[in-house]
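One structure is given below, encoded as structure tokens.
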Amino acid sequence: MYNKKKSVNIPSRVLQLANILWLSCAVYCFHLEEERHVRANDKDYNEKIPYADNHIKTCKYNVFTFLPINLFEQFQRAANAYFLVLLMLQQWCRDWFIPCGLSEPYGLCYIETAELDGETNLKVRQALTVTSDLGADITKLADFNGEVICEPPNNKLDKFTGTLYWRDNKYPLDNEKMLLRGCVLRNTDWCFGMVVFAGLQTKLMQNCGRTKFKRTSIDKLMNTLVLWIFGFLVCMGVILAIGNTIWEQKVGRSFGVYLLWDEPIRNNNVVFSGFLTFWSYIIILNTMVPISLYVSVEVIRLGHSYFINWDRKMYYIQKNTPAEARTTTLNEELGQVEFIFSDKTGTLTQNIMVFNKCSINGKSYGDVYDEFDFSFNPLSDRKFKFHDSSLVEAIKMEEPSVQEFFRLLALCHTVMPEEKNEGELVYQAQSPDEGALVTAARNFGFVFRSRTPETVTLYEMGTAVNYQLLAILDFNNVRKRMSVIVRNPAGHIKLYCKGADTIIFDRLDPSNHVLMNTTSEHLYEFAGEGLRTLALAYKDLDENVLEEWMKKLLYASTVIENREEGLADLYEEIETGLMLLGATAVEDKLQEGVPETIACLTLASIKIWVLTGDKLETAMNIGYSCNMLRDDMNEVFIISGHSALEVQQQLRLGLRAHALEPELEKVFLETACLCKTVICCRVTPMQKAQVVELVKTNKMAVTLAIGDGANDVSMIKTAHIGVGISGQEGMQAVLASDYSFAQFRYLQRLLLVHGRWSYFRMCNFLFYFFYKNFAFTLVHFWFGFFCGFSAQTVYDQWFITLFNIVYTSLPVLAMGLFDQDVNEANSHRYPSLYRPGQLNLLFNKRQFFLCTLQGMGTSFLLFFIPYGAFCLVVRDDGSHISDQQAFAVIISTSLVIVVSVQIGLDTYYWTAVNHVFVWGSLAVYFAILFAMHSDGLFSMFPSHFPFIGTARNCLTQKSVWLVIMLTTVACVMPGLAVRFLKTDLYPTLTDKVKGT
């Protein structure tokens, strides 16, 4: 049965049974549910309770909510509200509990939970013994009338509290008896189940909360700038409206004979004329923030995301894993990171555990390097290596403490064995640590061979030994230990316990004092080498004591309220007076390139904090191994108080003369931010997120969190940017991340190359885009003073429509996608180039003000140079050279040439695409210009293209081209001169690097 590799194929009869049970939960439950009652095969009873049906909805919108919800989200971007105002003006599964039976011999089934937690290793679930005995007998199943009383629907994937009442007995139900919606059955032919939660009440759907939309600092700045621009637009509209009112009062009346006024204005209401003019100019000047800006921003971000996905230097060939940008909205934020919060295990290290050393009964093993093999054990794993032959000799000599040590490792775990062929064991472990320890026991002669819900079978030095499994005391983050209670073939009852050394030592019998001190010294040595350690202990139990304790356990495990607290108290009661066996030391090596990556990122002024659950000594050793801690750091201090007062005193000592805040967390933050390196050890997943939130809230800095396991998801979601590493702990961190790759060293390239380029490109794009649009739009403002403030446009409508869409869209897009101030080699060689992004220097409110001034100056020159020149200039035949249409052609041609020359000067890195887009856009402009003023289009659409021959007559004059050249030079030279002087007198690091 174990050899089958297939998904479950449920027979039709099982589906019918499931449908009956499903139909019994047909309505949503609107009342506050304190506990749930479900009876098997009792439709009438179940229909009395309004439980949810199996209908779920995973879409974000429906027909009725799409418009309001989508509009609400879109209008969080201020520009969209701006565009709307202008538009108005212009228009005027189910969860299963398994009580019945499974096809495995002992009611076991195997599941894959990748959709729930991202982990691909198989996990085991088992039915209660009393229900698994029902087997596949449909008659017995139809007569099953048990009642389940359990907790109400919730989102806790790792917890279920319930009780089965059947035949006047109570049976505890926990998460090990549950199949959740979203998991996949493997190696299982069939199973029968009873629906407990359905539809939106399943744990999968309860966890489908709203994902918080992350926005970059540039997005937030853009909202502010749009409001500023709108205010500026209103100011210009007011100025021009007042001008119109005055002009109509003093001058406009003289034209009343030729241009009849509307009724309100004929009645001397010039104020109303100014009011209409105000709104007309609001419409005309709206192109300062065109919709194409936001379209271009999204295209550029999408392009940057593809560059990350396509980067072969971030492709991990050993696992066929490329880098992946899982969002397109945060790319430029990668160039502004100041704080990195990193997990240790699996992120800085490989998370491939190797049993390296151990301490047994006060003797340390693993320090000697001998050459030997495990040929004495036919069931050994050939890949396993251990280089101290004295431990093998101790096993062969049957030393009791050594045998008990490995017996504990073979019994106290949650590993599931698969034996494909005789002797070919494969262990399915939920963590690499457990797999390494069970494999070590296997090689030293204590082979974990099989298990049932009630027994565990070992092969001890070749002899099969069956242990009766009496109780499992589960591991969790609070207990930090796991225990099993077993009865050996001789009838002796023992409790075996493994866990964190500090936890185990607190529960030892006083007679272990000397051994504990010796083992502590060994543990300190192991941790100093960066090894992960666990302490092992056991206890002999009296039959009567155990019987009394089991009664308490049965009662505590069947109550609904406060079940966890009751069980924890019982576990605490029996896990006392332990006898110490020794300790294990497992090696988890650093990933390739970690020290170099951390050193480079530190030179980029990025602060790296490591948040790990390991003990202090292990964390410090890893800190030295990866160059976070160095010998030249004279003031390495440790905050390790056991109370709030002790911690505060230690923080004060660390701060010395610096000012203190009354809140402890603020003191911690101030102290930590003064340090070059921060390593937080013994932290829980929630504490990781709290540290990230503390920095994110109190420091105006961009934070990045990187991790590889489910315990890192909270901090990944909390940080501005979350990075997941696809390692040994499943894919949950990757699924919750914004960016993912396979190795920590790729973070250097992600930030220093892709991140810095994205920030540089986006800033240059925005600066140029605002500049060209101010230059384009404000010409209307100057023209207003010469057209009686009549809201007449300078350009024809076709040019206004095509300017941002056709004539100037592609060159600025190419700059935003491909530009580079320095190449990638120099980006790595000079990490300090990253600093401008952290200081937000390339595009901020000051830079926006400068590009506004440059755009205003350009628009002023674009209008007044041609205006002044053609007041006096005549054509070659002596006729007047300029009229309204010719003037518009001259200004529009000058504008397109000026912005094209300017983008050429602003582009640092020219590609073939840049050349095609810049020069091609100029060619397209002239092609469309002459086409719109041609005889052919006029003959086909005379009302749409009335200015026949204007471009041909205008642009054939030498004086016109002279004015265009003069305007171009006058617009470009001031900015070019300022840039030259700034580079020569105040060169930046970028300027110096480009000059090398």
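Here are some notes:
- If R0 is 35 Å, the Cβ-Cβ spacing of N488 and D168 corresponds to a FRET efficiency of close to 0.55.
- Ordering of 274-283, 822-831 by packing [mean C-beta count within 10 Å, highest first]: 274-283, 822-831
- The convex hull defined by the C-alpha atoms of segment 352-589 has an orientation-averaged projected area of 13.2 nm².
- Given in Å, the Rg to one decimal and the Dmax to the nearest whole number for the Cα atoms of segment 668-811 are 24.4, 75.
- Computed lengthening from M686 to E176, 0.36 nm per intervening residue step minus Cα-Cα distance: 181.2 nm
- Rounded if a/c under 1.5, otherwise prolate or oblate - segment 448-568, Cα gyration tensor axes: oblate
- What the Cα convex hull of segment 753-995 gives, in volume per residue, is 141 Å³.
- Given R0 = 30 Å, the distance between the Cβ atoms of F786 and D935 translates into a calculated FRET efficiency of 0.45.
- Among 579-592, 164-177, the order from most to least packed when residues are scored by Cβ within 10 Å on average: 579-592, 164-177
- Projected label distance in nm at A825 and I239, using a 7 Å step from Cα toward the beta-carbon: 5.1 nm
- Stretching E548 away from N155 to a fully extended chain increases their span by 138.0 nm, per 0.36 nm per residue minus the current alpha-carbon distance.
- Segment 269-349: trypsin sites (Lys or Arg not before Pro) in DSSP loop, at most 14 other beta carbons within 10 Å: K319
- With 0.36 nm allotted per residue and the present C-alpha distance subtracted, the L603-V299 stretch has 106.2 nm of extension available.
- For segment 671-688, 3J(HN,Hα) per residue [Karplus equation, 6.51 cos²θ - 1.76 cosθ + 1.60, θ = phi - 60°, Hz, x = Gly/Pro]: 5, 5, 6, 7, 8, 6, 9, 10, 10, 9, 10, 6, 9, 8, x, 5, 5, 4
- Virtual paramagnetic centre 7 Å along Cα→Cβ of M397, amide N under 20 Å, in segment 437-469: 444-446, 461
- Global geometry of segment 399-489, whether rounded, prolate or oblate, following the gyration tensor of its Cα atoms and the 1.5 cut on a/c: rounded
- Each of N145 and F864 was given a label point 7 Å from its Cα along the Cα-to-Cβ line. The distance between the two points is 9.9 nm.
- FRET efficiency estimate (nearest 0.05) - Cβ-Cβ, H944 to F849, R0 51 angstrom: 0.80
- The overall shape of segment 822-861 is oblate: from the C-alpha gyration tensor, with semi-axes ordered a ≥ b ≥ c, the ratio a/c is 1.5 or greater and a/b is no larger than b/c.
- What the phi angles of segment 883-894 give under the Karplus curve with 6.51, -1.76 and 1.60, with θ = phi - 60°, is a coupling list of 10, 4, 6, 5, 4, 5, 5, 5, 5, 5, 5, 4 Hz, glycine and proline written as x.
- Each of the peptides 892-905, 923-936 was scored by the mean count of other Cβ atoms within 10 Å over its residues; in descending order, highest first, they stand as 892-905, 923-936.
None of the figures in this text is laboratory data; all of them are computed from the coordinates on show. Note that the coordinates shown come from a computational prediction; the quantities given were computed from them, not determined experimentally. Quick reminder, even Gly has a Cβ in these numbers, built from the backbone with ideal geometry, and neighbours come from all protein chains shown.
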